[in-house]
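Visitor: Have a look at this one before I ask anything.
Every number here is computed from the coordinates shown, using simple stated rules; none is lab data. Just so it is clear, the model here is predicted, and its values are computed rather than measured. No Cβ is skipped: glycine too gets one built from the backbone with ideal geometry, and neighbour counts run over all protein chains shown.
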2 protein chains.
Amino acid sequence: MVTGADVKPLLAVKTPVPSDIDIAQSVEPVHISKIAEAVGLQPNEYDLYGIHKAKVKLNVRERLAGNPDGKYVVVAGITPTPLGEGKSTTTIGLCQALGAYLKKKVLTCVRQPSQGPTFGIKGGAAGGGYSQVIPMEEMNLHLTGDIHAITAANNLLAAAIDVRMFHERTQTDEALFNRLCPADKQGKRKFAPVMLRRLAKLGIAKTDPEELTPEERKDFARLDIDPASITWRRVIDTNDRFLRAITVGKGGEERGQTRDTGFDITVSSEIMAVLALATDLADMRERLGRMVVGNDTKGRPVTADDLGVGGALTVLMKDAIEPTLMQTLEQTPVLVHAGPFANIAHGNSSVVADQIGLKLVGADGFVVTEAGFGADIGMEKFMNIKCRASGLTPDCVVLVATVRALKMHGGGPPVVAGTPLHHDYTTENVGLVTAGCCNLARHIQNALKYGTPVVVAINRFACDTDAELEAVRAAAMEAGASAAVICAHHGLGGAGAVDLANAVVAATAGPKPAFKFLYDVNLSIKEKIETIAKEMYHAAGVEYLPEAEAQIEKYTRMGFDKLPICMAKTQYSFSHDATKKGAPSGFILPIRDVRASVGAGFLFPLVGSMMTMPGLPTRPCFYDIDLDTATGKIVGLS
Amino acid sequence: MVTGADVKPLLAVKTPVPSDIDIAQSVEPVHISKIAEAVGLQPNEYDLYGIHKAKVKLNVRERLAGNPDGKYVVVAGITPTPLGEGKSTTTIGLCQALGAYLKKKVLTCVRQPSQGPTFGIKGGAAGGGYSQVIPMEEMNLHLTGDIHAITAANNLLAAAIDVRMFHERTQTDEALFNRLCPADKQGKRKFAPVMLRRLAKLGIAKTDPEELTPEERKDFARLDIDPASITWRRVIDTNDRFLRAITVGKGGEERGQTRDTGFDITVSSEIMAVLALATDLADMRERLGRMVVGNDTKGRPVTADDLGVGGALTVLMKDAIEPTLMQTLEQTPVLVHAGPFANIAHGNSSVVADQIGLKLVGADGFVVTEAGFGADIGMEKFMNIKCRASGLTPDCVVLVATVRALKMHGGGPPVVAGTPLHHDYTTENVGLVTAGCCNLARHIQNALKYGTPVVVAINRFACDTDAELEAVRAAAMEAGASAAVICAHHGLGGAGAVDLANAVVAATAGPKPAFKFLYDVNLSIKEKIETIAKEMYHAAGVEYLPEAEAQIEKYTRMGFDKLPICMAKTQYSFSHDATKKGAPSGFILPIRDVRASVGAGFLFPLVGSMMTMPGLPTRPCFYDIDLDTATGKIVGLS
């Protein structure tokens, strides 16, 4: 057994740690077919996309159906500072340690980052330092086109909505029906298969268009969408704040049918959440078809299949459902797949990637998957939304903590991106750390409620002192962690996470933990919201603004009340108030509104306002990005 | 030598000809590496994208630089009916004949179709019948992501424009300069490399930000874009008519900075034209950087590089510059690359694909490339814009004609998509055909002005009679064609185009024709426009509306008057009036406006209004499109 003391890095690490892109470009990735072979994929089970990426076919699960699953590890974080605490980096470093040092079969499952922010403020999302997915440029740009497919599908549905309203406005019932079901050369009308879905929903048990009564024809052909009810917006994978609120239809040909709407960034599309939760093509087809875009003037939900477009959306998404295989700096395999927002969506990578990974690594192997935001958000949604969809349950939670964040929770001054850190954060202050460990402790106790052991990964920064780190370790153990381990994977790669890897191996060595969901989906919407608020956030109660009350009533009436809950809350506090650090309790959680992602399969209560379209600063980082046209290498990506 | 009489099809052809998708799915494509090997690509000269597509690296041109080029054949068409005359199908059928029957080395270069229309009215654009590129689903959907890359690049530039105006509105000169050139930790300011381009343009020969005078700082930092001058619009690869005219910036955070603009379909982006005309990465970088988005309040052009985004655009487009290798139904190689509009852009596939193809096929081989629209548009732009950019010149023009279109030109009733053909088109009427051959004759004579021999491909339809076909043949020969051949490749594949292939081999057997451009780019804008109008369209003269006059003056002042001309004119007549069939002359061509694509490198005079965003009908074809989730096969794509 490899222990962490004096592990020699396999990577030629430098001090100080160079920039992410310099490290990423200093290591030549191996041909992805080598990674595929090592992880047990057969050549016909993946498609190459160049030599460093491959799309993995879902049917590998069928070949390996008889295999036992590997250990399932979810990486979550304490309540973070705006600078981030290194959750992705820890996920990747842990896997480099498990694979390259402990020689375990391992597979990392991470989200695909949005391309938009790559050109704005934030840099890439492929890990950092000596714990990265490479080529990082590929990961941060088009990858294998999944996000582009989502843009195309989302916007086809959006176009279908406005144009359907237009054609309904300008045609009689009869003309509309005749156009939707035109007679063929023999004078025979036929329903397209997707139309049978609408007929079934309307309770019309006829398959011959000629047999419909005029009233049925009208009900079938006229969706009668209430423009004010439309929740479906367009998306684009660009940080374009001027598209947040727009008026469409201002051309003369659109005959005055204007509408106020807007664009969100693509990863916030419900289709991204569908991709992350779908278990196969058939399941994705059903989810896409039942996505609700608004309601008709009678209050009935209008779906993508009502618009006739569910099948076309599936066709656009058929390749996107295959996860993309990449590699870490230490040649361990990575599946990059889906990247739903962690506020209005569930913030976890795909179900299918995790399922494939668990079969590939087998009984003695490990799948490490990352949950977005702090554990109160990302881990809670992992447990109650993702695990419910996948049928999988975790063997271990790895909770990432930093001295920096804990000092903030202990009462340290605000940490603000782009401004220098206060000296409290750069010099020893054990008192602040100890005071802040209440945040860590609560996250640990929250995780234990699911029946899952917790290993705390203390992501060491250069200015952390031994006394500070020890204070975190002790607090973690006292709160019930199975282990708490100091890590240095940013500067050392897998070598810096060998102790963490050993702790994860030890924590998962026993029998599978008995998993418990936090709530029964059959509870009412309010009961589910209150369970999360009280059990995870330690709120004293929940208050609902009138809009939220109305939506809860509406969704209950529509039959969507049995869906799990996806809280859209700040990640910067257990509460709704980002300035409340530490472990606040006794507050009343306000629910402003409730929305539904019926295709993805959850309701999302809004706790505060959520940004779904980032902007660009005065000097976006695109100023530094260019191509060395002689070598084809990208420069300036951070 | 194979002759066309009684050539047995290698494909198992059926009568009547099945639907395009049924034919396409009935032939199993071979692994694309086999196609690559057969065409002489080394394994490190292409990247697989799955097993049926590969991106070809540009450096193959360097390895083969010493090779002689193959014969360069451009396929153009007579003035078409709205139903299309089978130009793509003929291009592909000719190549199937050259490769599979005459055993010539051959490579087909075609445009990538837009995804938007795939879900609207028109079906795919991968040829038809037994002359198709396969898998046709891949060709009509995401392919290898080039169009998605264009969307991303186009819209990053669009976002950069609005947000820059926003930051300029809300900041002082000094704050703006300081944000653009922030001091590093040592207090030192530095220009990003892209900023040096702006400084050079402003005539500021300083590289140290500290040395700029306050006036220079202001001039550098404040682009001062005149909102009314902005010609750069956003794009999306979806038929979404409600985005044609929109108002952006209506959110409170945008502080009242609203603007009327709109979306076009992605293929109409200038970046698509840049992709089609760029000769390598370095050339693409320069073209993208010099794209003009509008002008400042002093009337100076504002470019992508002024906005600091030229490098980032290049990074987004770095993979898109590699053509995608596919195959025909008869396993001949195809390069699919770029698909600029044929009205506001030049309507031809990429320069690099043709260059690669000519080197790969070598002295005895053939590259067949397609020009969009009728020859008065697509061929003229091929000659004067594409060949000017590439340095290549054609060996032969293949002009596609149909009896149907010639009957229309001879005075037949209008041909309207979606309504049954008049019986004049389904029964013999040699008189109409003969009368309409004036259109064919003029296209032949136009082509001959470039010094290039013309082979007429008469695309035979089921109801054409021998007498009608013979009338076309005779007229073509009389007008100066080298040959005129009846083809049946739609129903027979390459076997149906063996005579055409033999005619092309014969027409190109001699020494390279002496090529002549139609005009010298150093002529004035008006002289160039008038040359095209008179020589190609047979106009008596040109009239300029006041807006066009103003733009000509403006572009001349800006120094853009030496660019070639890309006429945005209807393809349905030689004139500006789509109803004037045959070979009209003596008309005055009205120029409504003149626009510039400075990065692509042409000016485009607008002759009438151009549709740059299609809509969706009441029953879009997406109603029929779905995925068979058991097999993964697409159904209902036409």
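Visitor: According to the Cα gyration tensor, what semi-axes, each the square root of 5 times an eigenvalue, does the equivalent ellipsoid of segment A:388-485 have, listed from largest to smallest in whole Å?
Guide: The three semi-axes for segment A:388-485 are 27, 15, 11 Å.
Visitor: Given the C-alpha centroids of segment B:491-508 and segment A:160-200, what is the distance between them in whole angstrom?
Guide: So the separation of the two Cα centres works out to 44 Å.
Visitor: With equal scatterers on the alpha carbons only and no solvent term, can you work out the Debye log10 of I(q)/I(0) for segment A:365-419 at 0.12, 0.26 1/Å?
Guide: Log10 I(q)/I(0), no solvent term: -0.42, -1.09.
Visitor: Which value, in debye to the nearest 20, describes the size of the charge dipole of segment B:525-606 about its Cα centre when Lys and Arg Cβ atoms bear +1, Asp and Glu Cβ atoms bear -1, and nothing else is charged?
Guide: Around 200 debye, computed over segment B:525-606.
Visitor: OK, next. Sum up the charges of everything whose Cβ sits under 10 Å from the Cβ of A:A158, counting Lys and Arg as +1 and Asp and Glu as -1, but leave A:A158 out.
Guide: 0
Visitor: How big is the gap, in Å, between the Cα center of segment B:464-480 and the Cα center of segment B:208-283?
Guide: Computed from Cα coordinates, the inter-centre distance equals 51 Å.
Visitor: Within 10 Å of each Cβ in A:154-165, how many Cβ atoms from other chains are there, averaged over the peptide?
Guide: So the per-residue partner count for this stretch is 6.
Visitor: While we're on this one: List, shortest first and in nm to one decimal, how far the label point of A:D364 (7 Å from Cα along Cα→Cβ) is from its counterparts in the other copies.
Guide: For A:D364, the other copies' label points sit at 5.9 nm, shortest first.
Visitor: I need A:F191, A:F341 ordered by Cβ neighbour count within 10 Å, fewest first.
Guide: Ranking A:F191, A:F341 by Cβ neighbours within 10 Å, fewest first, gives A:F191, A:F341.
Visitor: Give the aspartates and glutamates whose C-alpha is closer than 12 Å to that of B:K528, dropping any in the same chain fewer than 8 places away, or say none.
Guide: Partners found: B:D520, B:D561.
Visitor: For chain B, find the longest principal axis of its Cα atoms and tell me its angle to the long axis of helix B:87-96, 0 to 90°, nearest 10.
Guide: With both axes taken from Cα atoms, the answer is about 70 degrees.
Visitor: With labels modelled as points extended 7 Å from the Cα through the Cβ direction, what inter-label distance (nm, one decimal) is found for B:T631 paired with A:N59?
Guide: Result for the modelled spin labels: 1.2 nm.
Visitor: Starting from the Cα gyration tensor of segment A:551-618, multiply each eigenvalue by 5, take the square root, and state the resulting semi-axes largest first in whole Å.
Guide: Sorted largest first and rounded, they come to 25, 18, 10 Å.
Visitor: Compute the distribution of all C-alpha to C-alpha distances in segment A:596-638, in bins of 10 Å from 0, and list the percent of pairs in each, rounded to whole numbers.
Guide: With 10 Å bins starting at 0, P(r) equals 20, 25, 19, 23, 13, 0.
Visitor: Where Rh is the Kirkwood radius over the Cα pairs of segment B:1-126, the temperature 37 °C and the viscosity 0.692 mPa s, what D in µm²/s does Stokes-Einstein return?
Guide: Value of D from the Cα-based Kirkwood radius: 187 µm²/s.
Visitor: At a 10 Å Cβ-Cβ cut-off, how would you order A:I230, A:I225, fewest neighbours first?
Guide: Ordered by Cβ neighbours within 10 Å, fewest first: A:I230, A:I225.
Visitor: Strictly greater than 24 Å: what percent of every Cα pair in segment B:198-293 meets that?
Guide: The answer is 48 percent, as a whole percent.
Visitor: Using alpha carbons only, how many angstrom separate the centre of segment B:347-402 from the centre of segment B:560-588?
Guide: For segment B:347-402 versus segment B:560-588, the Cα centre distance is 21 Å.
Visitor: Here's a follow-up. Any idea what angle helix A:351-361 forms with the longest principal axis of chain A, computed on alpha-carbon atoms, 0 to 90 degrees, nearest 10?
Guide: For helix A:351-361, the angle is close to 50 degrees.
Visitor: Further question on the same structure: Ordered shortest first, which distances in nm separate the 7 Å Cα→C-beta label point of B:I588 from those of the other copies?
Guide: When each copy's label point is compared with this one, the spacings are 7.7 nm.
Visitor: Which residues in segment A:558-572 have a backbone N closer than 14 Å to a point placed 7 Å from the Cα of A:L83 along the Cα-to-Cβ line?
Guide: From segment A:558-572, the list is empty.
Visitor: Using Cα positions and a limit of under 25 Å, work out the lysines in reach of B:K14, with same-chain residues fewer than 8 apart set aside.
Guide: A:K185, B:K87, B:K103, B:K122, B:K633
Visitor: Determine how many Å³ per residue the convex hull of the Cα atoms of the protein assembly as shown encloses.
Guide: Once divided by residue count, the hull of the protein assembly as shown is 168 Å³.
Visitor: Separate question: If you line up the Cα atoms of segment B:274-351 on their principal axes, what length do they span on each, largest first, in Å?
Guide: Sorted from largest, the Cα extents of segment B:274-351 read 58, 27, 15 Å.
Visitor: Something else about it: Taking a label point 7 Å from Cα toward Cβ, how far is A:E62 from its twins in the other copies, in nm, shortest first?
Guide: Its label point is 4.5 nm from the equivalent points in the other copies.
Visitor: For chain A, what is the mean residue ellipticity at 222 nm derived from helices alone (per DSSP H run of n ≥ 4: -39500 (n - 2.57); sum divided by total residues; nearest 500 deg cm²/dmol)?
Guide: Roughly -9000 deg cm²/dmol at 222 nm, from the helical runs in chain A.
Visitor: Going from the alpha-carbon gyration tensor of chain A, what semi-axes, largest first and in whole Å, does one get by taking the root of 5 times each eigenvalue?
Guide: After scaling each eigenvalue by five and taking roots: 43, 27, 24 Å.
Visitor: To continue, here is another question. Whole-Hz Karplus ³J(HN,Hα) for segment B:125-140, in order, using 6.51 cos²θ - 1.76 cosθ + 1.60 and θ = phi - 60°, x for Gly and Pro?
Guide: Per-residue couplings from phi come out as 9, 10, x, x, x, 8, 10, 9, 8, 10, x, 5, 5, 5, 5, 8 Hz.
Visitor: Within 10 Å of each Cβ of A:44-54, how many other protein chain Cβ atoms are there on average?
Guide: 4
Visitor: Also, quick follow-up: Could you tell me which of A:Y572, A:Y555, A:F587 has its Cα farthest along the dipole of segment A:525-606 towards the positive end, charges placed at Cβ (Lys, Arg +1; Asp, Glu -1), taken about the Cα centre?
Guide: A:Y572
Visitor: For labels at A:L523 and A:A467 in the simple 7 Å Cα→Cβ model, what's the distance in nm?
Guide: Result for the modelled spin labels: 4.4 nm.
Visitor: Taking a ≥ b ≥ c as the square roots of the eigenvalues of the Cα gyration tensor of segment B:299-414, is the shape rounded (a/c under 1.5), prolate (a/b larger than b/c) or oblate?
Guide: It is oblate, given that a/c is not under 1.5 and a/b is not larger than b/c.
Visitor: While we're looking at this one, here's another question. Rg/Rh for segment A:147-311: what does it come to with C-alpha atoms and Rh from Kirkwood?
Guide: Using Cα coordinates only, the ratio equals 0.99.
Visitor: Using modelled amide H (1.01 Å from N, peptide plane; none on Pro or chain starts), what sits under 5 Å from the amide H of B:V292, excluding residues fewer than 5 places away?
Guide: B:V598, B:G599
Visitor: Another one. Relative to the first principal axis of the alpha-carbon coordinates of chain B, what is the inclination of helix B:525-535, with its axis defined by its Cα atoms, in degrees from 0 to 90 and to the nearest 10?
Guide: 10
Visitor: With r as the distance between the Cβ atoms of B:A205 and B:A550 and R0 = 35 Å, compute the FRET efficiency 1/(1 + (r/R0)^6) and round to 0.05.
Guide: Computed FRET efficiency for B:A550 and B:A205: 0.55.
Visitor: Sticking with this one: Find the relative contact order for segment B:525-606 and round it to a whole percent, using C-alpha pairs within less than 8 Å whose residues are 6+ positions apart.
Guide: 37
Visitor: Charges at C-beta only: +1 for Lys and Arg, -1 for Asp and Glu. How large is the resulting dipole of the protein assembly as shown about its Cα centre, in Debye rounded to 20?
Guide: In debye, rounded to 20, the protein assembly as shown gives about 100.
Visitor: Oh, and also: Filter the cross-link list B:K218/B:K298; B:K407/B:K449; A:K206/A:K318; A:K105/A:K318; A:K34/A:K105 down to pairs whose alpha-carbon distance in this structure exceeds 22 Å.
Guide: B:K407/B:K449; A:K206/A:K318; A:K105/A:K318
Visitor: Ranking B:S269, B:S609, B:S597, B:S26 by Cβ neighbours within 10 Å, fewest first, what do you get?
Guide: B:S609, B:S26, B:S597, B:S269
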